[in-house]
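**Q** Before I ask anything, here is the structure I am working with.
The values are calculated or read from the model by the stated rules, or taken from the named source; none is laboratory data. From a predicted model like this one, the values you see are computed outputs, not experimental measurements. Cβ coordinates were reconstructed from backbone atoms using ideal geometry, including for glycine residues, and neighbour counts include every protein chain displayed. Each accessible area value is taken on the protein alone, full model and side chains, heavy atoms only, with ligands, DNA and RNA left out. Shrake-Rupley method; radii C 1.70, N 1.55, O 1.52, S 1.80 Å.
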Amino acid sequence: MAPSGSGLTSLTRGLGGPRSWPGARRCPRALLNQQFHSPGTRVPATTGACQSGQLDGSHRPDHRRMRQSRHVGRTLREAPKDAQTAAHSLMLRAGYIQQVSAGVYSYLPLLHRTLNKIANIIREEMTRAGSEELLMPALQPRELWEESGRWERYTAVDGIMFAFKDRRGSTSCLGPTHEEVVTDILRREINSYKDLPKCVFQIQTKFRDEIRPRFGLMRAREFIMKDAYSFDADDAGLEASYEAMRQAYHRICQRVGYKYRAVEADSGAIGGSGSSEFMVLADTGEETVLFCDQCDYAANQEKGESGLEQFEQDAEPAAMEEVFGEGLIGVVPLARFLKIPVWKTTKTMIYEADDQTVAVMVRGDCDVNEIKVTNFLGCKSLKLATPERIKELTGAEVGYAGPIGLPVEVRVIADHGVNGRVNFECGANKTNYHNINVNFGRDLPLPEFGDFKLAKEGDGCPHCAGNLQAARGIEIGHIFKLGTKYSAAMNCTFLDSNGKTQTAVMGCYGIGVTRMAAAWIEQNHDDKGILWSPQIAPYQVHLTPLNLEDDHIRAEADALYERLQKEGIEVLYDDRAIRAGEKFGDADLLGMPIRLTMSKRTVEAGNVEFKLRTEPKPDLLPVEDAIARIKAICDR
RNA sequence: CGGAGCGUAGCUCAGCCCGGUAGAGCGCCAGCUUUGGGAGCUGGAUGCCGCAGGUUCAAAUCCUGUCGCUCCGACCA
């Protein structure tokens, strides 16, 4: 359940302000999301020490403070050139991360605090939802993965898993996920239906040998995630467990404060019967989210369904005709040349699916959704045929493939959208030629129909009369109904009330801790730096006194520093004797939600300057008032 | 996996074509001045020019190999 990649990557670059989502105001689900806050979900003002590389929740009062003169994580005025996105660049500039190798980062102290806070929110919500924390090994034996049948796929086929031999010659891997280990644990634990349900989670470092690590923590080879696994006696139990986790994920997203959406998703390599992704909305997101402008429907584009505009058809079939049109590749020029609407054209894409060749037809105004095709065929790999192979199969250059006259071994499947048309166009399998006035039944047999098109913005909603809108999203969480895929393969069974052996029904629930931090920054920054929310900021208050060469002011600042800690407020104290510009520049970059400034001016007036990171201007307040405001903000 | 680019000071980069004792800005150190949004002046430190071979009187520069990092990638039919 690592937030997995898709091929849909198109990034807008550069720094930008926080983005709002155009559809949010009108979307009932967005309102629901916002209203989901419940009382009693206060974030503890604590962070934990790190043990064995994991984020734990131990509470250390002395972790409420830091003098910046002693802090590790210097800021950089210029961004290292490798940074491609705002979050990556800002994390490097702010001294939150350092790259160790491709896709591998050290989490420096300030980020470590944020990761702990995110982990604690997750921990609390998992516990609230009835899940129990444990910790499984990152180092796992090959045998378990062979038992589930995933070894080959994860190593040789996809190569996503780090695997190696130890000194005795046995093969191990670094876990990208933990279905195997957890199923092994639970199959020793469960004997009876009375032992169910069970749900466990862990917060742990995971490893994926990404083809292309990118964007800092967004797509790293080593990262921290929370994964949970539920075991139930039957499908109804799974539904309940899944629903509890879904609610917990909503609470996590709301407590952190994201603008986000939960969407229907493809289950991908993990398998299973249903899944939802939690998407943080940001223009630089790698995923495309489709959502209805009238109802609650929302889906990842990978999974999304849609209706197409229907047009009036010709009354009578006309005679099929082969038309010469030189170099007409692309449906728009083709339609213009043939003087037909684009919806009458047909794209026929030739794929190699494992060892069979498949032609996929979609209406000319649509594209193929390769994930839908892969799922339909049940194949492991799906690749567009090479130009040479297309020539061999169709006898034509790329661009003129059509369903008529293909070799018999080519399996033809077609999106529903190509059906129901009278007198449509398709390629003639002859360079520079297209067939027009083609009709199913008469000119060619009916192909296998299915949903194979890529849903897109502007298409009709599959559930109501609304239209789909699109937004970019960062997948931070993905929850799955696994069913019995792993429990059956690994013999995780129990006796039901009739004494009959049954297989446990599983769900798995992942959320990326390090990615959540990156996604937050991607969604919440300006041209000066990060804008943390009080819930996950490394410190709630950044104390930035000026004129520290003045002993009186230093004493006042030290006193305020102590006072804030006594009040239970986390404070980063910039006790460095640097100039105002540098001090404020660093404060903006680091992004603590509240800045407190003392100087000659404020001390003489008995005030302190209180500034929210999100507001341009500060307020001058008596210290007591400032403390009250801080508490009000942080306790909210 | 395929293609391309880049490894020179802590950071950003110039120098490489056309071989001849290593450069700039920022940062760092010292002193003076300055002191509410990255200040000024003066002086100073800092480099296995990724690594290994080769060519040459001489290599950051040319050649070969290697390691690392980054970017791009199936004419959407």
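**Q** How many percent of the accessible area of chain A is carbon or sulfur, using a 1.4 Å probe?
**A** 49
**Q** Say R0 is 41 Å: what FRET efficiency, to the nearest 0.05, do A:Ser381 and A:Thr127 get from their beta-carbon distance?
**A** 0.50
**Q** Right, here's the next one. Determine, from the Cβ-Cβ distance of A:Asp367 and A:Glu322 and an R0 of 25 Å, the FRET efficiency 1/(1 + (r/R0)^6), rounded to the nearest 0.05.
**A** With a Förster radius of 25 Å, E is 0.45.
**Q** Ranked highest first by average number of other Cβ atoms within 10 Å, how do A:346-352, A:155-161 line up?
**A** Ranked by mean Cβ neighbours within 10 Å, highest first: A:346-352, A:155-161.
**Q** Let me ask something else. Counting residues in segment A:517-584 as N, plug N into 2.2 N^0.38 Å and put the Cα Rg over that result.
**A** 1.29
**Q** Still on this model: List the pairs from A:Lys566/A:Lys611; A:Lys456/A:Lys485; A:Lys303/A:Lys383; A:Lys206/A:Lys456; A:Lys226/A:Lys528; A:Lys206/A:Lys528 whose alpha-carbon separation is above 25 Å, in the order I gave them.
**A** Those over the limit are A:Lys456/A:Lys485; A:Lys206/A:Lys456; A:Lys226/A:Lys528; A:Lys206/A:Lys528.
**Q** Taking only protein heavy atoms and a 1.4 Å probe, what accessible area per residue, in Å², does chain A have with all protein chains in place?
**A** 43
**Q** Here's a follow-up. Provide the packing ranking of A:476-487, A:285-296, i.e. peptides ordered by the mean count of other C-beta atoms within 10 Å per residue, highest first.
**A** Per-residue Cβ counts within 10 Å, averaged per peptide and sorted highest first, yield A:476-487, A:285-296.
**Q** Does chain A come out rounded, prolate or oblate, given a ≥ b ≥ c as the square roots of the eigenvalues of its C-alpha gyration tensor, rounded meaning a/c under 1.5 and, failing that, prolate meaning a/b above b/c?
**A** In terms of gyration-tensor shape, prolate.
**Q** Oh, and also: May I ask for the angle, rounded to the nearest 10°, between helix A:513-523 and the longest principal axis of chain A, with both axes built from Cα atoms and the value confined to 0 to 90°?
**A** 90
**Q** Turning to a different aspect of this structure: Put a dot 7 Å past each Cα toward the Cβ at A:Thr501 and A:Asp355; how far apart are the dots in nm?
**A** Result for the modelled spin labels: 3.3 nm.
**Q** On to the next question. Once the principal axes of the Cα atoms of segment A:167-251 are found, what is the range along each, listed largest first in whole angstroms?
**A** Cα extents, longest axis first: 43, 42, 18 Å.
**Q** In vacuo Debye scattering of segment A:295-373, one point per C-alpha: log10 I(q)/I(0) at q = 0.13, 0.19 Å⁻¹?
**A** Reported log10 I(q)/I(0), two decimals: -0.59, -1.05.
**Q** Show me, bin by bin at 5 Å from 0, the whole-percent P(r) of segment A:321-450 based on Cα pairs.
**A** That works out to 2, 11, 23, 25, 21, 12, 4, 1, 0, in percent per bin.
**Q** Rounded, prolate or oblate: which fits segment A:90-220, taking a ≥ b ≥ c as square roots of the Cα gyration tensor eigenvalues, rounded meaning a/c under 1.5, else prolate when a/b beats b/c?
**A** It is oblate, given that a/c is not under 1.5 and a/b is not larger than b/c.
**Q** Something else about it: Which of the peptides A:68-77, A:599-608, A:178-187 is most tightly packed, and how do the rest follow, going by the mean number of other Cβ atoms within 10 Å of each residue?
**A** Packing proxy ranking, top to bottom: A:178-187, A:599-608, A:68-77.
**Q** Oh, and also: Measuring from the lowest to the highest alpha carbon on each principal axis, how far does segment A:541-635 reach, largest first, in angstroms?
**A** 34, 26, 21
**Q** Turning to a different aspect of this structure: How far is helix A:623-635 tilted off the main Cα axis of chain A, in degrees rounded to 10, range 0 to 90?
**A** 30
**Q** Hey, another quick one. Please find the FRET efficiency linking A:Lys566 to A:Gln247, where r is the Cβ-Cβ separation and R0 is fixed at 60 Å, and quote it to the nearest 0.05.
**A** Step by step, r from the Cβ atoms, then E = 0.95.
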